[in-house]
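Each reported figure results from applying straightforward, stated rules to the coordinates on display, with no laboratory input. Keep in mind that this is a model prediction, so the values were computed, not measured. Every residue, glycine among them, receives a Cβ derived from its backbone with ideal geometry; neighbour counts consider all protein chains shown.
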Amino acid sequence: MPVTRGFRRRRPDGPEGRLPPGQYDTGAGWPVLTAEATPRIARESWTIGVDGLVERPTTWTWDEVQQLPRSSYSGDIHCVTTWSKFDVVFTGVSVDDLLAVAGPQADAAFVMAHSSTGYTTNLPLADITGGKAWVVWEFDGKPLTAEHGGPVRLLVPHLYFWKSAKWISRLELTATDRPGFWEQNGYHDRGDPWLEQRYQGDP
Ligand SMILES: Nc1nc2c(c(=O)[nH]1)N[C@H]1C(S)=C(S)[C@@H](COP(=O)(O)O)O[C@H]1N2
Ligand SMILES: [Mo]
């Protein structure tokens, strides 16, 4: 089972204690970082699939995910380009609720998150289970805009934000770790901001 040391580490209270090493507080702004052209996807045509090493490969439409229990994240996000943003609120569904339906197989240990644009990012399965990851469509109570990944993006806030794939369309469970888009370009396979796992070769 992959280690998740950074997730449970105790931190001092107060703003300084919330800023991972090498990060700064971007304040009220929210930078847009997109490698590809921003797609315009209607909610009605968006779907998300969970497949690969699962018992029941499943696809949900927009209406179908709305039937699942809503779940929100309130907290901070951290981009590897060194900005952090405090006290954001995202709402959608917990990835746990999608996986409960699909049923990960015993040998599933990693996930490749796919955007409908072709962007990919890899994660240990342990980093998207146990209440640590969401599929979200609201930011601060408003629909997620297209530039920020709307209609629906992945949110894995305890890792660097490149793991939070915008325009999420598929979670593919695998036995082995394969590098995604940024990971093939030198970024870390896990990306824990508290351990400063920015690049391949970092601890
Ligand atoms: N599909 C897709 N998802 C993506 C990216 C991207 O280029 N394409 N960039 C990643 C990076 S590096 C970051 S920091 C965040 C940026 O999200 P934002 O533009 O909403 O701030 O999305 C991540 N998800
Ligand atoms: Mo980023």
Residues in region 165-183: is at least one touching a His at 6+ places or on another chain (Cβ under 8 Å), more than 18 Å from THR117 (Cβ to Cβ) and within 12 Å of ligand 2 (Cβ to nearest atom)? no
Across region 80-100, which residue is nearest to the chain's Cα centre (by Cα) among those that are of a type in the set (S, T, N, Q) and assigned to a strand (DSSP E or B)? SER94
Close pairs (7 angstrom Cβ cut-off, 6 or more residues apart or separate chains): within 23 Å of LYS85 (Cβ to Cβ) in region 32-56, away from ligand 1 (no atom under 16 Å from the Cβ) anywhere: none
Keeping to region 153-166, report how many residues are surrounded by 24 or more Cβ atoms within 10 Å (Cβ to Cβ) and over 21 Å from ALA108 (Cα atoms). 2
Small (Gly, Ala, Ser), in contact with a Phe, Trp or Tyr (Cβ under 6 Å, 6 or more places away or on another chain) and at positive phi, is that true of GLY130? no
Between a first residue in region 180-192 that is part of a loop (DSSP other than H, G, I, E, B) and a second residue that is of a type in the set (Gly, Ala, Ser), which pairs have beta carbons less than 8 Å apart while being 6 or more apart in sequence or on different chains? GLY180/ALA113; ASP192/GLY6
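Residue-by-condition table, conditions (1) out of contact with any helix residue (DSSP H, G or I) (no Cβ under 8 Å at 6 or more places or on another chain); (2) crowded, with 19+ Cβ neighbours inside 10 Å; (3) aromatic (Phe, Trp, Tyr); (4) more than 28 Å from PRO31 (Cα to Cα):
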position: THR59; (1), (2), (3), (4): yes, no, no, yes
position: ASP63; (1), (2), (3), (4): yes, no, no, yes
position: SER72; (1), (2), (3), (4): yes, no, no, no
position: HIS78; (1), (2), (3), (4): no, yes, no, no
position: ASP87; (1), (2), (3), (4): yes, no, no, no
position: ALA106; (1), (2), (3), (4): yes, no, no, yes
position: PHE110; (1), (2), (3), (4): no, yes, yes, yes
position: THR120; (1), (2), (3), (4): no, yes, no, no
position: PRO151; (1), (2), (3), (4): no, yes, no, no
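Each row is one residue, and each column tells you yes or no for (1) farther than 30 Å from GLU55 by Cβ; (2) in contact with a Lys or Arg (Cβ under 6 Å, 6 or more places away or on another chain).
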{"site": "GLY141", "(1), (2)": "yes, no"}
{"site": "PHE161", "(1), (2)": "yes, no"}
{"site": "ALA165", "(1), (2)": "no, no"}
{"site": "ILE168", "(1), (2)": "no, yes"}
{"site": "ALA175", "(1), (2)": "no, no"}
{"site": "GLY191", "(1), (2)": "no, yes"}
Residues that are free of Cβ contacts under 8 Å to residues at least 40 places away in the same chain and away from ligand 2 (no atom under 16 Å from the Cβ), drawn from region 145-164: THR145
Which of the residues spanning region 115-127 are assigned to a strand (DSSP E or B) and within 9 Å of ligand 1 (Cβ to nearest atom)? SER115, THR120, THR121
